[in-house]
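For reference, the structure is listed below as structure tokens.
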Amino acid sequence: MNKIVSLIIVLTTLISCNQTEKKVEIQKVTKPKKEHSDFGFNFSDYNVIQDTVRKGDTFGTIIEKQNIGDRKIHDIVQAVKDTFDVRVIRPNKAFTMFRSKNKTNKLEVFVYQPDALNYYIFDFRDSLVVAHKKTRPITIREKIIGGVLKGSLSETLDKANVSTGLASQITKVYSWTIDFFKLKKGDRFGIVFTERFVNDSIYNGVDELKGMFFEYKGKIKYAFPFVKDISTGKVEYYDEEGKTLKNLFLKTPIKFSRISSRFSGSRFHPVQHRWKAHKGTDYAAPTGTPITTTAAGVVEMTGYTAGNGNYVKVKHNSTYSTQYLHMSKILVRRGQSVSQGQVIGKVGSTGLATGPHVCYRFWKNGVQVDALKLNLPSGEPMTGSDKSRYLQTIKPIRRELDSIGNL
Ligand SMILES: [Zn+2]
């Protein structure tokens with residue numbers, strides 16, 4: 001399990017001979033000069049000091065220590081305020097000072113770097129101090145990795161020098177579809193994604209996941225990101241036919257029924273005759289009516305308590321579980337995999353119940369929530385122009401993924 005002898009094929013060099021455009025240049029990258037320079041200044045022209053902001057330091061305390069002639073800090077702060085609010089200076093952030101090489105050792109340029117991408121230039125060379133905000137050029141490069149899994153996903157990605165953030169993003173996309181603990185030795189996979197590089201050389205993380213597949217239980221499971229609703233801009237993941245990867249919940253755990261009691265913070269309990277919270281939705285139905293699980297998952301618990309009667313709890317993914325109470329009969333075992341709509345028990349009135357019904361409880365991140373008020377994603381299949389736009393978008397990525405197997 002731990003040993004990975006997987007065939008990880010990093011294709012960055014290989015794909016460059018392909019016709020499709022692989023390298024997306026966001027900004028023109030200037031060729032690095034031989035002489036050491038940064039921020040547009042040659043280091044050899046100045047006395048350069050590079051440091052980080054210490055705890056307790058402010059823009060004022062840093063600048064004050066320098067030879068800034070007869071300028072007043074207050075005037076400097078005023079002069080730059082439209083570009084830079086000096087209060088945002090934070091400890092541990094880098095700064096660079098370019099001082100004149102002559103005897104005066106005057107501060108000529110101060111550069112503050114809040115992150116790897118952005119920096120602020122404070123130019124002291126003229127009598128009036130001016131500030132500019134700059135962003136370093138970013139290059140985005142596409143990368144394809146693929147092969148055979150022989151360790152965990154994160155181990156495999158680690159071996160391919162891919163950030164762990166990508167692994168968690170991938171498991172999230174497939175959280176309804178794949179149990180990553182159950183991936184088997186020999187299962188194939190492929191991932192197309194882009195990475196950001198600052199100044200064409202410094203790795204700055206994963207930019208975008210463009211498409212992937214995993215072989216799971218003998219089937220290839222594709223996932224492609226797509227914004228169906230441009231107005232919201234929300235990215236969702238779909239399979240090769242445009243079906244959502246989210247396993248949506250059925251509206252009710254029994255086919256024909258009526259709601260006899262809703263989720264509420266406080267209701268008068270019909271058996272206990274006192275006010276207490278009701279953390280479920282009751283569906284009244286004759287004893288023996290089949291109860292179905294509202295989504296696929298694994299039976300997390302079955303049992304009997306005085307309050308719940310016979311109950312079943314199903315775990316759907318790391319976020320959602322559902323629970324079904326007062327059954328006359330339990331039809332599943334703990335640990336059993338269940339599919340959406342599978343009969344897991346029969347309606348009864350065991351435990352605290354006045355009549356036959358199923359109390360349907362919905363858990364989100366371990367907290368009971370009102371199933372009727374959950375804003376779960378729409379399961380409407382993609383049609384018409386959405387679908388053709390989708391298929392057109394994924395075509396080149398799909399081709400790249402499918403070529404992995406033939407290498
Ligand atoms: Zn109930």
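Bear in mind these aren't lab numbers, they're just calculated from the coordinates by the rules spelled out. Just so you know, these numbers come straight off a predicted model, no measurement behind them. No Cβ is skipped: glycine too gets one built from the backbone with ideal geometry, and neighbour counts run over all protein chains shown.
Side notes on the structure shown:
- On Cα atoms only, tilt of 384-404 relative to the major axis of the chain in degrees: 70 degrees
- Choice from Thr171, Thr194, Thr135 with maximal GNM fluctuation in the chain (Cα, 10 Å cutoff): Thr135
- Expressed per residue, the C-alpha convex hull volume of the chain stands at 228 Å³.
- Taking other Cβ atoms within 10 Å as a rough exposure proxy, Leu401, Leu153, Leu117, Leu128 sort from fewest to most as Leu128, Leu117, Leu153, Leu401.
- Summed residue charge, Cβ within 11 Å of Gln323's Cβ, Lys/Arg positive, Asp/Glu negative: +3
- Helix 164-173 and the longest principal axis of the Cα set of the chain meet at an angle near 30°.
- One chain, two ends: Asp85 and Thr164. Fully extended at 0.36 nm per residue, the span grows by 25.0 nm beyond their Cα-Cα distance.
- Relative contact order computed over the range 139-238 (Cα-Cα under 8 Å; 6+ residues apart), in percent: 26 percent
- Considering only alpha-carbon pairs that sit under 8 angstrom and 6 or more positions apart, the relative contact order computed for the chain is 12 percent.
- Inter-site label distance for Val367 and Arg258 at 7 Å from Cα along Cβ, in nm: 3.3 nm
- Prolate/oblate/rounded label for the range 40-135 (Cα gyration tensor, a/c 1.5): rounded
- Order of Lys373, Lys210 - criterion: other Cβ atoms within 10 Å of each residue's Cβ, fewest first: Lys373, Lys210
- Using the Cβ-Cβ distance between Leu117 and Gln336 with R0 = 60 Å, the FRET efficiency computed as 1/(1 + (r/R0)^6) comes to roughly 0.75.
- Between Asp179 and His36, full extension at 0.36 nm per residue minus the direct alpha carbon distance yields a gain of 46.5 nm.
- For the pair the range 132-160 / the range 50-87, the C-alpha centres are spaced 38 Å from each other.
- Residue exposure sequence - Glu236, Glu400, Glu241 - by fewest surrounding Cβ within 10 Å: Glu241, Glu236, Glu400
- Entry for the range 258-373 at q = 0.10, 0.15, 0.19 Å⁻¹: log10 I(q)/I(0) = -0.26, -0.59, -0.97, Debye formula applied to identical alpha-carbon scatterers, no solvent contribution.
- Taking each DSSP H run with n ≥ 4 as -39500 (n - 2.57) and averaging over every residue of the chain yields -4000 deg cm²/dmol at 222 nm.
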